[in-house]
Amino acid sequence: MKIKCSYTELVDAIRLQGHPKNPNVHPDNQIERLAKVIDYQGQRSPVVVSKLSGFVIVGHGRLAAMKKLGWEKVAVDYQDFENEAQEYAHMT
C-alpha cells in the first residue's frame, strides 16, 4: 500500500460503498489496468466520499482496483454536497 496523495482520512476499504446511482461503468479490463498502475505508482488521488450520503462520489474504479490488490486502507477525501443533485453532478 503506497499512499502518494493528500487525503482527509485512511478508511477501511470494506467500509466504502459506491453510490447506487453512479452512471459510470468500469469493465474488468479497466480495473485490471488501474490495479497495475496503482500497484506501480501507489494511490495518487483520494477517493471522494460525500459527507451528505456517505457514498463514494469519485473513485469507484480506483477503489475496485485497490480492493483487487488487497488493500485494507484507502485514502479518502470527504466533501460537502448540499443535495443529491450536486453529488450526481460531481459523479458525471
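The values are calculated or read from the model by the stated rules, or taken from the named source; none is laboratory data. In this text, all values refer to a predicted model and were calculated from it rather than measured experimentally. With ideal geometry, Cβ positions are generated from the backbone for all residues, glycine too; neighbour counts draw on all protein chains shown. In case anyone asks, the SASA skips ligands and DNA or RNA and just uses the protein heavy atoms, side chains included. Shrake-Rupley method; radii C 1.70, N 1.55, O 1.52, S 1.80 Å.
Being surrounded by fewer than 13 Cβ atoms within 10 Å (Cβ to Cβ) and either within 12 Å of M91 (Cα to Cα) or touching a Cys at 6+ places or on another chain (Cβ under 9 Å) (or both) is the requirement here; does P46 meet it?
no
If we scan the range 53-60, do we find a residue that is farther than 14 Å from E87 by Cβ, among the polar types (S, T, N, Q) and surrounded by fewer than 20 Cβ atoms within 10 Å (Cβ to Cβ)?
no
Yes/no matrix, rows are residues, columns are (1) assigned to a helix (DSSP H, G or I); (2) open to solvent by less than 70 Å² (accessible area, probe 1.4 Å); (3) touching an Asp or Glu at 6+ places or on another chain (Cβ under 6 Å):
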position	(1), (2), (3)
I14	yes, no, no
P20	no, no, no
L34	yes, yes, no
A64	yes, yes, no
A89	yes, yes, no
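Could you list all residues from the range 66-79 that are in a helix (DSSP H, G or I) and crowded, with 18+ Cβ neighbours inside 10 Å?
M66
What are the residues in the range 22-50 that are closer than 15 Å to L10 by Cα and either in contact (Cβ under 8 Å) with a residue 40 or more places away in the chain or more than 12 Å from the chain's Cα centre (by Cα) (or both), if any?
G42, Q43, R44, S45, P46, V48
Touching a residue at least 60 places away in the same chain (Cβ under 8 Å) and either of a type in the set (D, E) or surrounded by fewer than 15 Cβ atoms within 10 Å (Cβ to Cβ) (or both): does that describe E82?
no
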